[in-house]
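Written out below as structure tokens is the structure these notes cover.
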Amino acid sequence: MTCQQIRYQQYIYHQTCSYSKDWNWDSPYTYLKSRYYMEGASLLVYLLQFTNIHPNYITIIYALFGVLGGLLIATGVPLYILIGIFLIFNRGIIDLSDGHLARLKNKQTKLGAKLDLWAGRVGTYGFYLGVAWYTFRINPYVLVYFIPLMFFKSKGRACIIDLVCLLIVLSLTLH
């Protein structure tokens, strides 16, 4: 398939998902971020279609991005923190790619669907633990405010993660 065809499929598929109703100009940040993810995922799926990589491996990479991002943030080293935040922010591209690649290669499985949910949780909690450790090293009392965010289960959780990443980047620039 061409990259344009994959891109078209990406947009059509995500228009039918329940969460896509929030991907409009009522929320410009979410709108732009969703477009960034879909464009990145389209390019990644285009490149991966020519490989023998199984979609479940992409899902595992999705989980590892969150865990590795959290570990890099926990180090407290500014360069590693920025790399960790880059990984966390771009996890969405990997998340949109695995399912699309599975549909494209006709390799959809129940295991893949469960693995996708598992990868999302593992990656998110890996990030939370990394940020908690980073925060604890700076000021342990800030954790009192951070811990409730870890259990915030609304559709705005991704925005909270992005906000936390932005605050970390801002704190790096102020030092």
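Bear in mind that the values in this text are calculations on the coordinates, not laboratory data. From a predicted model like this one, the values you see are computed outputs, not experimental measurements. So basically every Cβ, Gly included, is an ideal-geometry build from the backbone, and we count neighbours across all protein chains shown.
Please state the charge dipole magnitude for region 3-174, taken about the Cα centre, from unit charges on C-beta atoms (+1 on K and R, -1 on D and E), reported in debye and rounded to the nearest 20.
That gives region 3-174 a dipole magnitude of about 380 debye.
Excluding Gln49 itself, calculate the net charge of residues whose Cβ lies under 12 Å from the Cβ of Gln49, where each Lys or Arg counts +1 and each Asp or Glu counts -1.
Net charge around Gln49: +3.
Mind sorting Ile88, Ile12 by how few other Cβ atoms lie within 10 Å of their own Cβ, fewest first?
Ile12, Ile88
Under the rule of -39500 (n - 2.57) per DSSP H run of 4 or more residues, summed and divided by the residues of the chain, what mean residue ellipticity at 222 nm is obtained, to the nearest 500 deg cm²/dmol?
-26000 deg cm²/dmol
Order these by the 10 Å Cβ neighbour count, fewest first: Ser34, Ser42.
With the sparsest Cβ surroundings first, the list reads Ser34, Ser42.
Where q = 0.11, 0.13, 0.14 Å⁻¹, what log10 of I(q)/I(0) comes from the Debye formula for the chain, counting one point per Cα?
-0.50, -0.69, -0.79
Just subtract the alpha-carbon distance of Ala158 and Lys110 from 0.36 nm times their residue separation and send over the number in nm, one decimal.
14.8 nm
If Lys and Arg each add +1 and Asp and Glu each add -1, what is the summed charge of the other residues whose beta carbon sits under 11 Å from the beta carbon of Ile61?
-1
May I ask you to derive the relative contact order of region 3-174, considering only C-alpha pairs under 8 Å and at least 6 residues apart, and to give it as an integer percent?
Across region 3-174, relative contact order equals 24 percent.
What list do you get for Cys165, Cys159 if you sort them by fewest beta carbons within 10 Å?
Cys159, Cys165
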